[in-house]
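Structure first, then comments.
The values are calculated or read from the model by the stated rules, or taken from the named source; none is laboratory data. Fair warning: this is a prediction, and the values are worked out from it, not measured in the lab. Methodologically, a virtual Cβ is constructed for each residue, glycine included, from the backbone with ideal geometry; neighbour enumeration extends over all protein chains shown. Protein only, heavy atoms only, side chains kept; ligands, DNA and RNA dropped before computing areas. Shrake-Rupley method; radii C 1.70, N 1.55, O 1.52, S 1.80 Å.
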Amino acid sequence: MAAPTALGVTDSDTVDLTLTGSGTAADPYNVSADVILDSTPPGGGSNLLGEGPEGLYVECADVRQCFSAGDGAAYDPATGEISARLSTDAGNAVTFGADGGLYAPPGGGGSAPSVVTAGDTPTANNTVTGTGAALDPYVITTDVILDPAPPGGGSNLIEEGPDGLYVECADVRGCLSAGDGITYDAATGEISARPSTDAGNAVTIGGDGGLYAPAGAAAVATACGLTGDGSAADPFAAVVGTWAYPCDADTFAGQVYCDSTGQLRSEPRGRVTFDQDLRNISYPTPLPVAAATDQVLDSRPFTVTNPDPCRPAVALIEVEVDVDLNLPPGAAAQYGINGDDVVYMKNSGSTAQNLVHVQSSKVFKLDIPPGGSVTQQFDVTAGDAVGGTVTASRIQTAARWFVFNL
């Protein structure tokens, strides 16, 4: 038995084809088609085409919603009836005639002729003559109005002649005048460039009638930092050195700027400033040192100012603490900076030791915005007192800082 003929189907934008069966006598091919309806038409509205068990349809009720009434028309979307809409304004002579058409009787509904009046505008003067009768019809004439005193204060260039309005070149040429670098002939309307007669001027009129300055013709003197004469062969250039660093100049080189007077300026100069805050306070009644760890004996604030209004600063700050301890025999205690124990003292003798002290310091970094000030504080702490009453008679502190603007 011969093999059945191969059969396939291809859909289109509007039809969806379906193929069933194997193509044999017992199972023949069956090709069916479904029409594709666009659910979102490209115009943005609803698809008026519908599909029912009897086939495709478009009904009048669907189509009628596509229309609406404008001036002079009435429309009923329920019935689809379109009719003319007569104005209700007083004096309207339009009616419906006996045959259902629009009707306006001659002369506006009476035997008298229509009334015609003339309305003027700022630029036209209209005149109506005649009575409107068949033997004496209305005649409308218009005269253009020319402003005798234009708002700009000059003369009106528009003229009126027997053949109409006109503006001539001779009238317009009087509106122009020559300024710097220009020669103007009001009689002919010719405008041309005017080279200066100052000594050393290299600008002339070339052979082709254009402005011409020969390259390098002007005497140019250069001073420090500039070379060249400004010509194409030897343009002005800045005298620069050779970048002698292993880093990339585009990334790490500084900038050059032009100030308000036209002078070249470099980036703000680097600077280093120094300041300090020193305090030496004795206590007539010594301060008790607690048995607990790192108790605050005193706080010492200080303010670091960035003197540079252009750039941020890095401040390296060194703070020092020196506490005079009074230690009974066998007593011990410690003191420090911000809770960091830097000194521990113990009296191992049999007599009291007074004003025992060691100076210690710490260093830290501080970032300060341009022109800004930052107030810092460090605490003098002490504690871990054992073996009797430990006191502090004097506290010396120092805060010293270098401010770097680079």
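Net charge in the neighbourhood of ILE317 (other residues with Cβ under 14 Å of its Cβ; Lys, Arg +1, Asp, Glu -1) is -1.
When Kirkwood radius over Cα pairs in Å is calculated for this entry, the matching label among [x] 21.3; [y] 38.6; [z] 22.4 is [y].
Carbon and sulfur together cover what percent of the accessible area of segment 143-184 at a 1.4 Å probe radius?
On the way: 1740 of 3240 Å².
Its accessible area is 54 percent carbon and sulfur atoms.
Rounded to the nearest whole Hz, the Karplus-based 3J(HN,Hα) values (6.51 cos²θ - 1.76 cosθ + 1.60, θ = phi - 60°) of segment 306-314 follow the sequence 8, x, 9, x, 9, 10, x, 10, 10, with x at glycine and proline. Computed on the chain, with alpha-carbon pairs under 8 angstrom and 6+ residues apart, the relative contact order is 11 percent. Around the amide H of LEU327, modelled in the peptide plane, lie the amide H atoms of GLN353, ASN354, LEU355, VAL356, all under 5 Å away and 5 or more residues distant in sequence or on another chain.
Solvent-accessible area per residue for the chain at a 1.4 Å probe radius, Å²?
So the chain comes to 68 Å² accessible per residue, rounded to a whole number.
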